[in-house]
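These notes concern the structure reproduced below.
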Amino acid sequence: MRFLETELQGAWLIDVEPVSDNRGFFSRTFCVKEFAARGLETNFVQHNLSYSPARGTLRGMHFQKPPHGEVKVVDCVKGAIWDVIIDIRPHSPTFRQWRSFELTAQNRRQLYIPVGFAHGFETLSDDSEVRYLMSAFYEPSAGSGVRHDDPAFAIPWPLPVAVISAKDQIWPDFPSANVSFG
């Protein structure tokens, strides 16, 4: 596995390094030793899968409020997504900055998202599937988010939003989200 630092403090892109032969290839997608060597989370208590049948489906921008903050490792195993993270940690040097990453079944990239980031994605193809490793259990009372079209971030989503949940449409703008990640 190859770890690439992103411009947002604590977030990493992870490239798998396939070993190929006449059968295809084999690759590690997680290794406690390699994550720990970089000071990254190694305890993942939940593994989730999300399926979106339609191109232009937007999910996000989600996070869990403290003390239920979660590290996520995200990859796209079918189709393609435009994955976005926003640093919402007030004391971070990259506070209020966002970045996007194209994750596809073909590039097999993973995104390591630290505690204190809002996360969301838009599907770039029909029938997209996204896997998540989660360091914390889902806690409904801690679930929160900010609007995907919040003017504070002005994220230029690549496609018109075709499908979005009612809940994701009504998240507040960031200053109203009332979150305190240390």
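Points worth noting:
- Label separation (residue 126 vs residue 28): 3.9 nm, computed from points 7 Å beyond Cα along the C-beta direction.
- Candidates 25, 35, 63: whichever shows maximal mean-square fluctuation once the chain is modelled as a Gaussian network with Cα springs under 10 Å: 25
- With 10 Å bins from 0: P(r) over the chain, alpha-carbon pairs, percent: 10, 38, 38, 12, 2, 0
- Computed packing ranks the peptides 136-148, 103-115 as 103-115, 136-148, most packed first, by mean other Cβ atoms within 10 Å.
- Placing unit charges on the Cβ atoms only, positive for Lys and Arg and negative for Asp and Glu, gives the range 43-176 a dipole magnitude near 220 debye about its Cα centre.
- Fully extended contour minus Cα-Cα distance, from residue 169 to residue 2, at 0.36 nm per residue: 56.5 nm
Read the figures in this text as sums done on the coordinates, not as results from a lab. Bear in mind the structure is a predicted one, so any value in this text is a computation, not a measurement. FYI the Cβ positions are ideal-geometry reconstructions off the backbone, even for glycines, and counts take in every protein chain you see.
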